Amino acid sequence: MQWKWVDPQTAEQGQSLLRRLTDQGFEGYFVGGCVRDELMGRPVNDMDIATNATPEQVIALFERTIPTGLEHGTITVLIENEPFEVTTYRTETEYVDHRRPEQVQFVRELSEDLRRRDFTMNAIARGIDGEYVDPFHGIEDLRNGIIRCVGIADERFEEDALRMVRGIRFASVFDFEIEQQTWQALLNHQALIKHIATERIRVEMEKMIAGPYPYHGIELLLSSGLIPYMKVDVPCEKLNLDLLRSLESLPSSPLVLRWTLIALALGMDEQQIKQYFKSWTFPNTITDQVSKIVRMNQRLYDGIVEQESVSLVENEVVIESTSSIDQSYVRFVSCVLDYGKEIAQHWHTMYPVLPSTQQQRLSTIGQQADSWLEQLTIYSLADLPIKGQEVLEYVKIPAGKWLGELFNEILLVVATGQLENNKEAILHYADQALVRKGLR
């Protein structure tokens, strides 16, 4: 049997597993995403297997197994350290809260197992001989670019309401259309999404936003009417669809870039980002990065628009420099120092998709950011060749708030090339700065 989109070693290991099952008188088939992706010409990352062998029989057949989902009939079999999920054919009884089956029943027929699956494209099996088992015409739906529920769509969504979001995600990632009866069933059962945990929805959204056609998915999501029924609020009142159309212009990795654009399109400020991203169960690292990119963008934009003395560092220390150095450059460097080089690079990647008014006003920074980043040689106070105690001993003034402000000022003037990064020059600058501020 030929697999074109699976790592050859993984394919051979999977086939050896099927051979072991069939040699012992059991059935075994590759099922689910690996079969679908092979048919679509997409890379296959893992290979799931369905069998009529019970979990206990699977454990007895293979030397290395992990009972990862024993109650649902799933055993992980390790073949030369490569994991394969092997699941006994099963049907599912009544679902609890439209989320999970109350119990599963093992069955003997593959067709019964395939009947419980969500969409026809995921209900295709492939045997060791390479032949496909496709009782619900999933291959035809794949060829036609159709997302269709297995059997009666209303029943599939009543069983597990997350399938409504999964259907939208698949349609988005594959650029497929949702079949009419499936879509109507989704509209009929919108309210059931309230039973689904936010984290499960967020996982589907991340896959959708990381895909090649995220805007298609957002359009479907907005049309579906699901958002008002979700457990957490999504503030769509200020939604900028034109901005969202640029999602596909941004790389999918790191995904924080696309989430930042979504936050901007929703009109969120920093406080709202922290509030909503927390309620959407995003990791703190993602929330922090999105907040910083948005804050940096606003800070750069405000500095250009106001055309006046602005805070050049996070703690509102103003540099009273008589240098003719480009103030756009100073603002940009101050942001790099406050938010870090990575955030500055993320902002620069996003610059081409910012609203046109912002792009125009920030054009100098947008065009020069790469070269400015290359010129930077210091990024933090640790890169200065002097410590606070040395400054205190030199100026002979008691420590206070002024010391931290002075060091931030020194860091900026050194980073922007207005002051040499050596101890003598820094001490001289510190002395003059304190006189200028009336502190000595």
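Since every read-out is calculated from the coordinates, none of them should be taken as a lab result. From a predicted model like this one, the values you see are computed outputs, not experimental measurements. Here the Cβ positions follow ideal geometry from the backbone for every residue, glycine too, while neighbour counts run over all protein chains shown.
What to note about this one:
- Placing pseudo-labels 7 Å out from each Cα toward the beta carbon at His195 and His428 gives an inter-label distance of 7.6 nm.
- Met40 versus Glu155: modelled label distance in nm, points set 7 Å from Cα along the beta carbon direction: 2.6 nm
- Between segment 171-231 and segment 351-389, the alpha-carbon centres lie 38 Å apart.
- About the centre of its Cα atoms, segment 319-440 shows a dipole size close to 360 debye [charges on the beta carbon of Lys, Arg (+1) and Asp, Glu (-1) only; nearest 20 debye].
- Karplus-derived 3J(HN,Hα) values for segment 174-179, using 6.51 cos²θ - 1.76 cosθ + 1.60 with θ = phi - 60°, are 8, 6, 9, 10, 8, 4 Hz; glycine and proline are entered as x.
- FRET efficiency for Trp5 and Val107, using Cβ-Cβ distance with R0 set to 41 Å, rounded to 0.05: 0.85
- Centre separation in Å (Cα based) which lies between segment 3-30 and segment 419-440: 73 Å
- Cα shape, segment 148-231, gyration tensor, a/c 1.5 rule: oblate
- At an R0 of 35 angstrom, the distance between the Cβ atoms of Leu255 and Leu381 translates into a FRET efficiency of 0.65.
- Couplings for segment 388-393, taken from phi via the Karplus curve 6.51 cos²θ - 1.76 cosθ + 1.60 with θ = phi - 60°, read x, 4, 5, 5, 4, 5 Hz in order; Gly and Pro are left as x.
- Excluding same-chain neighbours fewer than eight residues apart, the lysines reachable from Lys437 by a Cα-Cα span under 17 Å are Lys396, Lys401.
- Segment 50-70 and segment 258-272 have Cα centres lying 47 Å from one another.
- Residue order, fewest to most surrounding Cβ atoms within 10 angstrom, among Asp129, Asp431: Asp129, Asp431
- Residues whose placed amide H lies under 5 Å from that of Phe119, excluding near-sequence neighbours: Val150
- Per-residue ³J(HN,Hα) for segment 109-119, Karplus 6.51 cos²θ - 1.76 cosθ + 1.60, θ = phi - 60°, Hz, x for Gly and Pro: 10, 4, 4, 5, 5, 5, 5, 7, 7, 6, 10
- Helical contribution to [θ] at 222 nm, DSSP H n ≥ 4, -39,500 (n - 2.57), averaged over the chain, rounded to 500: -15000 deg cm²/dmol
- Here Lys341 and Gln298 are evaluated by their C-beta separation; at R0 = 25 Å the FRET efficiency comes out at 0.85.
- The modelled label-to-label distance between Arg19 and Asp175, using points 7 Å beyond Cα along the C-beta direction, is 4.0 nm.
- Which of Glu71, Glu155 has the fewest Cβ neighbours within 10 Å, and the rest in rising order: Glu71, Glu155
- Near Asp269, no amide H atom lies under 5 Å from its own; only residues 5 or more places off or on other chains count, and H is placed 1.01 Å from N.
- Exposure proxy ranking, count of Cβ atoms within 10 Å, fewest first, for Ile386, Ile49: Ile386, Ile49
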